[in-house]
Amino acid sequence: MKEFDSKVTKSILTGIQPSGVITLGNYIGAIKQMVKMQDEFKSIIFIADMHAITVNQDPSLLHQNIRSLVALYLACGIDPEKNIIFIQSENEYHANISWLLECNTPFGELTRMTQFKDKSSKNANFYAGLFTYPVLMAADILAYDVDYVPVGIDQKQHVELARNIAIRFNKKYGDTFKLPEAYITKEGTKIMDLVTPTKKMSKSSENQKGVIRLLDDTASIRKKIMGATTDSGCEVKYDAENKPGISNLLRICASITGKSILSLEEEFDGKNYGEFKKYVADIVVDEVSAIQKKYEEIINSDQLDKILDENIKVVREIARKKFMDMKQKMGLYK
Ligand code: ATP
Ligand code: LTN
């Protein structure tokens, strides 16, 4: 097992779907938090590419997004010494464990998953994988006996399902899995779309102008910020309800610089929106350029493959042992 700092005892695991290039919202709301957590927990992070294929994907784009996502996470400060980062489909035991768990999951429980109800209602031609998605997620989690699963509130039900599957399995076949707990990442700073600041900035958004992606060229990032929707007033003041556009830019600015919203308001007292936007554009471009510089170094070096090759050996061995234990307990031939 990879050596973690011995003072760190609790473990976390999280998966990220490679459904597009990550946004400034993902960076501020999720990755920056994970960078903080890497000092407190043994941390396992993986690219959930097998979950991504539960809906249609363009194969060459998907392939590109997977590798690029690993490189971006590292470029954003995820330290390969402190985390095990790997690609889900490279560890075939996730699918193997998932099948054994599927055969221990009541059909009715899966029909109650709100994400499934939501996604299947939007597209009548959904695949069976969309339905069994939460069991694969349970396999991801239970394979490693982790303590916590940091997820957004939308995924809490899936972690609870994993916990219930584990409780049932332990009761039926004897102690096999540690019971995981969802670690709901506190409602971190929510970044809104630059064109429609009442809606969340989202990777899958259709309108590119409202979304900053970490691999956008810096000229277009600047243009998007300078063109961000603002209200008709002229004061740089935080008021999420009446001034959603300026408030969004203030939140972006505060998260990146570490300054308080109040001190930013004071700094821009008497200055106009244009001056403020220019400042926001400068700090976002500086931050993103530094990430892009590291990204270029990582994606073009063999460091990435070395990290992935080394980590996959570690996680395959852990998951293989869990699979063999399950197989034996369930009476399968081994
Ligand atoms: P999609 O468009 O595919 O739904 P998304 O960009 O909305 O993707 P998710 O993949 O659902 O993002 O979420 C990944 C992580 O990023 C989650 O922890 C989520 O809370 C966080 N996150 C996503 N968008 C934002 C945002 N605009 N502001 C803050 N955090 C965000
Ligand atoms: N379903 C999650 C991604 C995911 C995950 C996991 C998260 C797949 N497997 C295991 C935590 C633990 C999502 O869409 N965000």
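Every number here is computed from the coordinates shown, using simple stated rules; none is lab data. Just so it is clear, the model here is predicted, and its values are computed rather than measured. Glycine gets a Cβ as well: all are built from the backbone with ideal geometry, and neighbour counts include every protein chain shown.
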Gain upon complete extension [S60, K278; 0.36 nm per residue less C-alpha separation]: 74.8 nm
Column: log10 I(q)/I(0), Debye, Cα scatterers of region 139-221, q = 0.11, 0.12, 0.16, 0.17 Å⁻¹: -0.49, -0.55, -0.73, -0.76
Highest-MSF residue in the chain out of L215, L101, L61 [GNM, Cα springs under 10 Å]: L61
GNM result for the chain, Cα springs below 10 Å: residue of P59, P244, P150 fluctuating most strongly: P59
Calculated P(r) of region 3-64 - Cα pairs past 13 Å, %: 69
Proximal lysine pairs, region 294-334, alpha carbons under 23 Å, eight or more residues apart or interchain: 8
Efficiency of FRET between K313 and K203 - r from beta-carbon atoms, R0 30 angstrom, step 0.05: 0.45
Segment D145-L179, length gained on full extension (0.36 nm per residue, minus Cα span): 11.5 nm
Net lengthening on full extension, Q328/K117 (0.36 nm per residue, minus Cα-Cα): 72.5 nm
Isotropically averaged projected area of region 148-277, using the convex hull of Cα atoms (one quarter of hull area), nm²: 10.6
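Rounded to the nearest 0.05, what FRET efficiency is calculated for R320 and E160 with R0 set to 25 Å and r the Cβ-Cβ distance?
0.40
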At 0.890 mPa s and 25 °C, Stokes D of the chain from Kirkwood alpha-carbon radius, µm² per second: 114
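Less than 11 Å Cβ to Cβ from L24, Lys/Arg counted +1 and Asp/Glu -1: what total charge do the surrounding residues give?
+2
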Projected label distance in nm at V8 and F107, using a 7 Å step from Cα toward the beta-carbon: 4.4
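Efficiency by 1/(1 + (r/R0)^6): what FRET value for D217 and K271, r their Cβ-Cβ distance, R0 = 30 Å, to the nearest 0.05? Intermediate values should be presented prior to the final figure.
On the way: r = 28 Å, r/R0 = 0.92.
Working from the Cβ atoms, E equals 0.65.
Please report the antiparallel percentage of DSSP beta bridges with both residues in the chain, rounded to the nearest 5.
For the chain, the DSSP antiparallel bridge percentage is about 10.
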Relative contact order of region 83-173, defined on C-alpha pairs under 8 angstrom at six or more residues apart (%): 34
Selection from I298, T114, L101 lying farthest towards where the dipole of the chain points positive, charges on Cβ: L101
DSSP-loop GluC sites (Glu not before Pro) across region 22-121, with at most 10 other Cβ within 10 angstrom: E81
